[in-house]
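Heads up, the thing below is written out as structure tokens.
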Amino acid sequence: MGKVKKKDGKKSEKLSVEAAEDAGSKLSPVPVTPVEEPAPASSKISEDKPVVPENPPAPVATSEVYEEPVLAQLIVEKYEGELVNGLYEGEGIAYYRDGNVYRGLFSEGFMHGKGEYTWADGLKYEGEFFMNFPMGHGIYTWPNGSRYEGQVYKAVRHGTGVQVSSDQQVSYAGEWCMGKRHGKGAIYYNAEGTSWYEGDWIHNSKEGWGVQRFPSSNIYEGQWKNNKFHGEGRMRWLTSNEEYLGQWENGVQNGLGTHTWYLKRVAGSQYSLRNEYTGNFVNGARHGQGQYYYANGAMYDGEWKNNKKQGMGKFIFKNGRIYMGEFMEDQIAEYPNFKYDRVSTPDLSGIRTQSPVCGESFNVNSGIPSLSGSYIELDIASLLNTLPEGERYETQKQVEYAVLRNITMLRKAYKFYSSLGNENCFDNAFLMTKLQFWRFLKDCKFHHYNLMLCEMDRILADQSDPEEVHSPYATMLLRTFLTNIIYLAYHISHADNLDGKLSLVDCFSKVITQNISPHAGSIRGYLFSDAHKTEHAMAYIDKCWDIYKTYCKKSMSAPFEPTMTMRHFIWMIKDLRVLSNELSVTKIVDILAEDDPRVRDGNEISLQLEITFLEFLEALIGCAVTYVMDEPQHESNHELLQEEQVTNTVSDSNTSADSTNYLGLLTPRKSECWTEEKELIIGMKANGKHSPRLPFHSPKKDQKKILTDKWFHQLDVFFQKVFFPAYEKAEQLKAEIPRNRARQAEQARLQQVQEEEAARLKALKAEEEAKRLEQMELEKAAAMLEAAQVSDDPANDNNGDQHPATSKEDTPISPPTAGTKATPTTGKKKKK
């Protein structure tokens, strides 16, 4: 028995040494609580000095480092269990010389199967073994209470697992690679779970995409490199109501970005905007070209240096007046005592500014007093210039009074529509976008006056770039919103005002009475009618905008910008092969005609009407609701139909709300192991083991919740499984067309070269054949000539100089060659 133990001990010793060489020498350090950078020194937020960004927590040193658990490195002193053919087999216990103990299964002398290995210092591994290696699923427990549960490869954490520190404060759940955090994973820095990081890891460093929540509740979501913010990301300082969205480099704002200061709402506050800078950053400071929007409507557009206005710039005051010139040390160079803040407007009497109204002849104080006490000057100069010069001032004054009479209702309309899709905003302050403005015009039935939204955009267009005329992301201030209403009111009533009976004030009042007052706030359409649905549908806006621009055609009207007609929309749906039994052309026409009475005129249908991006997006949502059948059991039929219609589609990852622009940063993404491993952490902390959780039974859903979930399902199936893949497939085919043409051209060129080479070789062969025939003819002619000369030889010539002809008998006989037989005649000649 002792010999068997010695033999098996040597065998175990040899295998354990190999295991130590393969596995390494040390385990990775246990994760520790990070140290957060101190908060900004000043709690007062200035519109000109952004807060220094909060850096991510950095790991600190720890003493919880353990030697690699080397198994069976010493000789087995004692074994209790079964032996088969002199080898450990079955269940048994092995005691090693230095006090290490193994209890578990053996196979052919190896630790193999379920078992428990305990080191002399108290470290314990319990789990699966494979040929003397801890491999598979197991649990490491250190003497100080730290635990790891998960996958193990050759005694090293490798795969998916959870590690909890000894004080139960720090825990990591995610993927491991050779003892290091690598892949997707989440780490909690405190027991309450209020400070955490969830995202990508590379060799124990945060690298890739991830979300970090600090103990101060501030949140960063974006790209990382070497444990620092690096790339595109968004930082939200919830404690100071600030946000930065843009580019980072080594943990500092660098490159293009937008920094926003959210105003703290107080009673009686009339601000509807926020302080915001959009432009270039260098080492965390505003430096280069940028725009600063003040909360009261003023704006600076120009050069910056170290957070100060420096160089040439344009300043638009909150009443609309404009100063263009040089700035030095954050002030107008010509007036060093000038100081502009976000609350009060300085005296402009000594500053040369431009009036956007109709020239310098008007008084600067002729604007409209708003509820906040400032002045709003309307940019209606082009309308006033159509009037006789003597009537312009009075007309402007009357229009301003008309706006003032309705300013409360117009402000409410501006605030209401600018809030659509922004229900989660911190301070309920935002700018109206063109997308929201279109919805306002459609709700107020501006498009019922034989004037399409695209035509309204052309009327209001003030940009030189035709590509931006119909951009849904363009923003407008309150004064621009009011000015646009006045312009549209004039053009709507222009047909009824050919005789000049209606003044500009009458046109504006008519629109207020007939359109805005009775209809503003009554939201129609598929996109903004429900706040929950809007938030879900807005995830697809960027991708849909790209598709809209792809299928737009050049307009026939100035400024000849790209636009789309209803006919183009139907062709797009047909070309992408999205039509089905439920979604027919007739149904698409019905969807387009729901909110536009001009589509159908009796039995006639007009599809040449232009549609903006809002109408395009709402038509797609209508198609989604129609395309996906109501019955859940028919979902598989849709998938089969799409497999027939769209084959070899690309991955759906590009169609998610994460499409790598900034919107992808607004919704934190969860790793694949997030839910399961989070439960495992809770179970390990509570019981020291992973305890299975009972399934969660949600309360019965009400009818509205069921309908909303069904709507979400319809949109997800249509966009992610049908429309976006079909578009991507079509784009792939388009990209293949020039390559196929180039390939065909190259093949034609090669074929032509081959044909030319074959023709050349054929010509050479024919030439050689002709030369050969000619040579044969020459040789034949020469032979004939020689024969003729021989036949014409004078046999009766008496000239003595001629030798007599040789007789046949005197003809020399050549000796026979080897292997041949002499003919009889030759033999007779030799006998003579």
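The values are calculated or read from the model by the stated rules, or taken from the named source; none is laboratory data. On a predicted model such as this, the values are computed, not experimentally measured, just so you know. Glycine gets a Cβ as well: all are built from the backbone with ideal geometry, and neighbour counts include every protein chain shown.
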Quick check on my filter: what residues within region 542-595 are free of Cβ contacts under 8 Å to residues at least 24 places away in the same chain, part of a loop (DSSP other than H, G, I, E, B) and surrounded by 16 or more Cβ atoms within 10 Å (Cβ to Cβ)?
C552, L579
Among (1) in contact with a strand residue (DSSP E or B) (Cβ under 8 Å, 6 or more places away or on another chain); (2) closer than 29 Å to K78 by Cβ; (3) aliphatic (A, V, I, L, M), the one test that V162 misses:
(2)
Does region 535-555 include one or more residues that are out of contact with any strand residue (DSSP E or B) (no Cβ under 6 Å at 6 or more places or on another chain), over 21 Å from H470 (Cα atoms) and not small (G, A, S)?
yes
Within region 596-616, considering residues that are in a strand (DSSP E or B) and over 34 Å from the mean Cα position of the chain (by Cα), the one nearest to F440 (Cα to Cα):
R600
Name the strands (runs of 3 or more DSSP E) wholly inside region 193-265 in which the number of residues that are farther than 20 Å from G288 by Cβ and either assigned by TED's automatic domain parsing to the domain that holds L431 or touching an Asp or Glu at 6+ places or on another chain (Cβ under 8 Å) (or both) is 2 or more.
196-202, 205-213, 219-225, 228-237
Condition met for H532 (touching a Ser or Thr at 6+ places or on another chain (Cβ under 8 Å) and surrounded by fewer than 20 Cβ atoms within 10 Å (Cβ to Cβ))
yes
Against the conditions (1) at pLDDT below 90; (2) part of a helix (DSSP H, G or I); (3) farther than 30 Å from D575 by Cβ; (4) not small (G, A, S), where does N799 fall short? Just the number, please.
(2)
Would you pick out the residues in region 475-495 that are among the small types (G, A, S) and at pLDDT 90 or above?
A489
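Given the criteria surrounded by fewer than 20 Cβ atoms within 10 Å (Cβ to Cβ), modelled with pLDDT under 90 and not hydrophobic (A, V, I, L, M, F, W, C), does T194 qualify?
Judged against the criteria, T194 is a match.
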The conditions are (1) at pLDDT below 90; (2) in contact with a strand residue (DSSP E or B) (Cβ under 8 Å, 6 or more places away or on another chain); (3) of a type outside the set (D, E), and G255 fails exactly one of them. Which is it?
(1)
Restricting region 308-326 to residues that are touching a residue at least 40 places away in the same chain (Cβ under 8 Å) and either under 31 Å from the mean Cα position of the chain (by Cα) or surrounded by 19 or more Cβ atoms within 10 Å (Cβ to Cβ) (or both), the one farthest from L478 (Cα to Cα) turns out to be R321
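Out of the residues in region 141-159 that are touching a residue at least 40 places away in the same chain (Cβ under 8 Å) and part of a strand (DSSP E or B), state the one that is farthest from G90 (Cα to Cα).
Quick first cut of region 141-159, residues touching a residue at least 40 places away in the same chain (Cβ under 8 Å) only: 142, 144, 146-147, 149, 154-157.
Going one step further and asking which of them are part of a strand (DSSP E or B), we end up with 147, 149, 156-157.
Working: R147: 28, E149: 25, V156: 25, R157: 27 Å.
Only one residue tops the list, namely R147.
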Of the residues E77, E126, only one is more than 30 Å from K184 (Cβ to Cβ) and part of a strand (DSSP E or B); which?
E77
For region 160-188, which residues satisfy the criterion of being of a type in the set (A, V, I, L, M, F, W, C), in contact (Cβ under 8 Å) with a residue 40 or more places away in the chain and on the phi < 0 side of the Ramachandran plot?
V162, V164, V170, A173, A186, I187
Kindly indicate the residue of region 716-768 that is without any contact (Cβ under 8 Å) to a residue 40 or more places away in the chain and of a type in the set (V, I, T) and also farthest from L620 (Cα to Cα) among those meeting that condition.
V753
